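First up is the structure itself, then whatever we jot down about it.
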Amino acid sequence: MLLIYIMGMTLVEKIFSRKCGREVQAGEVVMASVDAAMIHDITGPLAVQKFREMGGKSVFDRNRVILLFDHQIPADSIPAAENHVFLRRFAAEQKIHNDDIREGICHQVVMEKGKAGPGEIVVGADSHTCMYGASGAFATGIGSTDMGFVLKFGALYFRVPDTIRLTVKGLFPERVGAKDLILAIASDIGADGATYHALEFTGDTMARMEMAGRMTCCNMAVEMGAKVGIVPPDEVTWDYLKPRRKIDPFPLSSDKDALFAGERSYDVSNLAPQVATPHNVDQGVDVTKVAGTKVDQVFIGSCTNGRFEDLKEAAEVLGDRAFSDRVRVIVIPASRREYLKALQAGLIERFVSAGALVEAPCCGPCMGGAFGLLAPGEVSLSTSNRNFRGRQGSTDASVYLCSPATAAASALFGEITDPREV
Amino acid sequence: MRSWKFGDNIDTDAIIPGRYLVHYDPKVLASHAFEGIRDDFSKRAEEGDVIVAGRNFGCGSSREHAPLALAGAGIRVVIARSFARIFYRNAINVGLLPLVCHDSDKIADGEVVRVNVGEGFVEAGGQRYSVEPVPGFMQEIVAAGGLVEYARKIPEVKLCTALHP
């Protein structure tokens, strides 16, 4: 489709314009078709119920619905088991492929199966759906009723967001990476600094960054209120997608004269490891400021940081040592495929030998629902994306967020530790 | 009609903790609303009470259990300085009215609040504060009584039509 743009457009405006075959600008509200829709065990049952209440009989396209269970697996309670049964029946009735409890965390699975790609619009009934922007898709989290609407009509109304462009420059110092960058950005922009905006990541640091790191960055866009975190597709993107789906590369990026709602730049060459302190994601500090804080539980995993690259980084920091026996260490690969890679590379053996509990791919302690909950007064250090009060259990517990390297270093000593010094 | 006052960045985990997301009944969810954050809410909130909050109300998880928990407790209106995006849409979709009010901090906890959506203001403590109207297209959903009712009325969607912003 050839579109001639009168004025410069952002990447996100181009995605909606391609979709609609006409120029669509930020601020417009359009009813747009979606290329894929994801539901999981927590938000799925309500979405299905709403779909039926809306008079839905068959879903818009069974091949575009992604269904799996990841939040409470294996079922941790009878109500959870009932929700799983409910969704299994729905999948059978609609002939939707159901990954059930087998594949891992929804967002990782969508990405690794190539279900999101450049220029596409993908929705998921989970706020961290914004992660698929790492593939060059416009991807955003929606509620269950919106998802019910999508299941019925294959479309949803969107307010096309303005874009804040983030230009990231420089080489990461040793043991500093994507998670430290995004925590620093969240502290700079604030918990609502990007509400209703798209965050577009550019610059030489992003260009060098592998998909794993890009996913970490895009995953946390919602922690600033953003609708999506997006990286313009490049060689890294197309190379990632090639073995996963049939797709021919095409150019897609913001025009030079595109109108941005804001522009910020970051230089990572002197960035220190970051730790988000309780109880908000934008409360990040250099690790040195909180070093020595005693921790009771360390969680390495989640859709933010449960990929092979994250586990490898943690294992490298760990080396041949053992984790402190003052701390409970929980390691959860983000998906079955990442688990297998880690197994084959000997990482899992390393973690188990060091005293960690390695669990099967799932969301784990991140959402404080299934297991790994905290007692009052306890402190968790977590590679996940949220440290809200009560997020991982008691509202009198504290959650700190960090990178896999900082998590591993801290697990060695039972207190928050600078990974550059171990 | 009393106000339940909260601060900035009230996230959906605070509104309804993750361990209760296996439930979908608004009454059950309401019995755990703000658990550990403000325990008197689930015991004492009454039909028609309003939530008054600061910036970024409903940030975090997309869980629709959050507006459902509030609705189950009898809340019909949330007045905040600003809302997180997904919560705002979810609230509209389930028939809970989110009202943006730049003076929400001037309303005290426990104060009687009167809401006049038609004329775009709320009254509390003898003062009148203006509230922003719900964006154009969303008013159709509000008028229909929520997205389910809206969806039931339309045979199909008209793709790529511009809706009133």
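Does any residue of the stretch A:92-103 turn out to be more than 22 Å from residue B:22 (Cα to Cα), in contact (Cβ under 8 Å) with a residue 24 or more places away in the chain and buried (at least 23 other Cβ atoms within 10 Å of the Cβ)? The answer is no, given that none of the residues of the stretch A:92-103 is more than 22 Å from residue B:22 (Cα to Cα), in contact (Cβ under 8 Å) with a residue 24 or more places away in the chain and buried (at least 23 other Cβ atoms within 10 Å of the Cβ).
Between A:411, A:407, A:370, the distinction of being touching a residue at least 12 places away in the same chain (Cβ under 8 Å) and in a loop (DSSP other than H, G, I, E, B) belongs to A:370 only.
For residue B:114, indicate whether it is over 26 Å from residue A:280 (Cβ atoms), of a type in the set (Lys, Arg) and out of contact with any strand residue (DSSP E or B) (no Cβ under 6 Å at 6 or more places or on another chain). No.
Candidates A:226, A:198, A:194: the one that is within 14 Å of another protein chain (Cβ to nearest Cβ) and within 14 Å of the chain's Cα centre (by Cα) is A:226. Against the test of being under 25 Å from residue A:140 (Cα atoms), in contact with a Cys (Cβ under 6 Å, 6 or more places away or on another chain) and buried (at least 22 other Cβ atoms within 10 Å of the Cβ), the options B:80, B:84, B:151 yield a single qualifying residue, B:84. Screening the stretch A:137-160 for residues that are touching a Cys at 6+ places or on another chain (Cβ under 9 Å) and more than 8 Å from chain B (Cβ to nearest Cβ) and picking the one that is surrounded by the fewest Cβ atoms within 10 Å (Cβ to Cβ) gives A:140. Is the stretch A:196-205 home to any residue that is in contact (Cβ under 8 Å) with a residue 60 or more places away in the chain, within 16 Å of residue A:168 (Cα to Cα) and assigned to a loop (DSSP other than H, G, I, E, B)? Yes, there is a match, as at least one residue in the stretch A:196-205 is in contact (Cβ under 8 Å) with a residue 60 or more places away in the chain, within 16 Å of residue A:168 (Cα to Cα) and assigned to a loop (DSSP other than H, G, I, E, B). Scanning for something exposed (fewer than 14 other Cβ atoms within 10 Å of the Cβ), in a helix (DSSP H, G or I) and assigned by TED's automatic domain parsing to the domain that holds residue B:9, does the stretch B:54-71 turn up at least one residue? Checked the stretch B:54-71: no residue is exposed (fewer than 14 other Cβ atoms within 10 Å of the Cβ), in a helix (DSSP H, G or I) and assigned by TED's automatic domain parsing to the domain that holds residue B:9. For the stretch A:396-403, indicate whether the set of residues that are facing another protein chain (nearest Cβ under 9 Å), modelled with pLDDT of 95 or more, surrounded by 24 or more Cβ atoms within 10 Å (Cβ to Cβ) and closer than 22 Å to residue A:286 by Cα is non-empty. Within the stretch A:396-403, none of the residues are facing another protein chain (nearest Cβ under 9 Å), modelled with pLDDT of 95 or more, surrounded by 24 or more Cβ atoms within 10 Å (Cβ to Cβ) and closer than 22 Å to residue A:286 by Cα.
Yes/no per residue for (1) touching a Pro at 6+ places or on another chain (Cβ under 7 Å); (2) closer than 20 Å to residue B:90 by Cβ; (3) touching a residue at least 60 places away in the same chain (Cβ under 8 Å):
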| site | (1), (2), (3) |
| --- | --- |
| A:111 | no, no, yes |
| A:128 | no, yes, yes |
| A:132 | no, no, yes |
| A:136 | yes, no, yes |
| A:140 | no, yes, yes |
| A:146 | no, yes, no |
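Considering the conditions (1) out of contact with any strand residue (DSSP E or B) (no Cβ under 6 Å at 6 or more places or on another chain); (2) surrounded by 21 or more Cβ atoms within 10 Å (Cβ to Cβ); (3) facing chain A (nearest Cβ under 8 Å); (4) at positive phi, residue B:36 is excluded by exactly one of them, (2). Out of A:29, A:34, one residue alone is among the β-branched types (Val, Ile, Thr), touching a Lys or Arg at 6+ places or on another chain (Cβ under 6 Å), more than 30 Å from residue A:340 (Cβ to Cβ) and assigned by TED's automatic domain parsing to the domain that holds residue A:259. It is A:29.
The values are calculated or read from the model by the stated rules, or taken from the named source; none is laboratory data. Keep in mind it's a predicted model, so treat the numbers as computed, not measured. Note that each Cβ is placed from the backbone with ideal geometry, even for glycine, and that neighbours are counted across all protein chains shown.
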